[in-house]
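Accompanying notes for the structure given below.
Read-outs: derived from the displayed coordinates by stated rules, not from any lab. Worth saying up front: this structure is predicted, and the values here are computed from it rather than measured. No Cβ is skipped: glycine too gets one built from the backbone with ideal geometry, and neighbour counts run over all protein chains shown.
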Amino acid sequence: MDDNLDLVCEDPGSHSDVVEKVRRSLPEDDTLYELADLFKMFGDSTRMKIMFVLMESEMCVCDIAELLGISQSAISHQLRILKQSKLISSRREGKNIVCFLADDHVRSIIDQGLSHVLE
């Protein structure tokens with residue numbers, strides 16, 4: 001790939017058929033905003049660590065805090081954000097709250113991102 005490539009079109013308007021085809025396939029703006037918000041959840045290293053932990057095993061808040069060396073209140077804060085974004089779920093087991101990834105889509109997103117970073 002040529003990093004010095006000038007990203008300017010020499011013949012504007014000459015690709016109107018392609019432009020129209022792509023325009024019709026674009027999701028609604030609201031959907032794109034939601035997608036951008038989803039990807040923001042992956043933009044925080046603490047949240048990424050938590051999700052990697054939960055890829056390996058369901059865990060309670062205190063165990064996640066111990067494993068990552070972060071306070072329970074900080075972990076709880078991040079877990080609330082992840083839960084609001086529907087990336088994780090939780091259930092009560094006695095006095096503990098056990099957290100886990102919401103579904104396999106979350107695992108796929110993380111796996112794909114990691115593959116991209118490592119290539």
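Local charge for LEU35 was computed over the other residues whose Cβ lies under 11 Å away, with Lys and Arg +1 and Asp and Glu -1, and equals -4. Simple point charges give the picture: +1 on the Cβ of Lys and Arg, -1 on the Cβ of Asp and Glu, and for the chain a dipole about the Cα centre of about 1020 debye. Taking 20 Å as the straight-line reach from the Cα of LYS95, the lysines in range (excluding those fewer than 8 positions away in the same chain) are LYS83.
Could you line up ASP29, ASP63 from fewest to most neighbouring Cβ atoms inside 10 Å?
In increasing order of surrounding Cβ atoms, one gets ASP29, ASP63.
Taking every full run of DSSP H in the chain, the ones that stretch at least 20 Å from end to end by Cα along their long axis and average -0.5 or higher on the Kyte-Doolittle scale are 104-118. A straight chain from ARG92 to GLU28 at 0.36 nm per residue would run longer than the Cα-Cα distance by 19.3 nm.
Equivalent-ellipsoid semi-axes for segment 20-71 (Cα gyration tensor, √(5λ), whole Å, largest first): 36, 10, 8. Note on the chain: dipole from Cβ charges, positive end direction compared against TYR33, SER89, GLY43; the farthest Cα belongs to SER89.
What GluC sites (Glu not before Pro) does segment 1-92 have in DSSP loop regions with at most 10 other beta carbons within 10 Å? The qualifying sites are GLU10, GLU28. Counting charges near GLY113 (Lys, Arg +1; Asp, Glu -1) among other residues having Cβ under 12 Å from its Cβ returns a value of -1. Take every pair of alpha-carbon atoms less than 8 Å apart whose residues are at least six positions apart; their mean separation over the length of the chain yields a relative contact order of 20 percent. Ignoring aspartates and glutamates fewer than eight residues from LYS21 along the same chain, the ones with Cα atoms less than 19 angstrom from its Cα are ASP11, ASP29.
Modelled spin labels at ALA74 and LYS40, positioned 7 Å past Cα toward Cβ, are 2.2 nm from each other.
For segment 1-53, the Cβ-based charge dipole about the Cα centre amounts to some 460 debye (Lys, Arg positive; Asp, Glu negative; other atoms uncharged).
Return, ordered by residue number, the residues of segment 90-109 whose backbone nitrogen is under 11 Å from a label point located 7 Å along Cα→Cβ of SER57. None, by backbone N distance to the label point.
Select from segment 1-102 those trypsin sites (Lys or Arg not before Pro) which occupy a DSSP coil region and have at most 14 other Cβ atoms within 10 Å, ordered by residue number. Filter output for segment 1-102: LYS86, LYS95. Based on alpha carbons, the Rg and Dmax found for the chain are 20.1, 67 Å.
In a fully extended conformation the segment linking SER108 and LEU5 would gain 33.8 nm over its present Cα-Cα distance, using 0.36 nm per residue.
Taken about its Cα centre, segment 24-85 carries a charge dipole of roughly 120 debye when the Cβ of each Lys and Arg holds +1 and the Cβ of each Asp and Glu holds -1.
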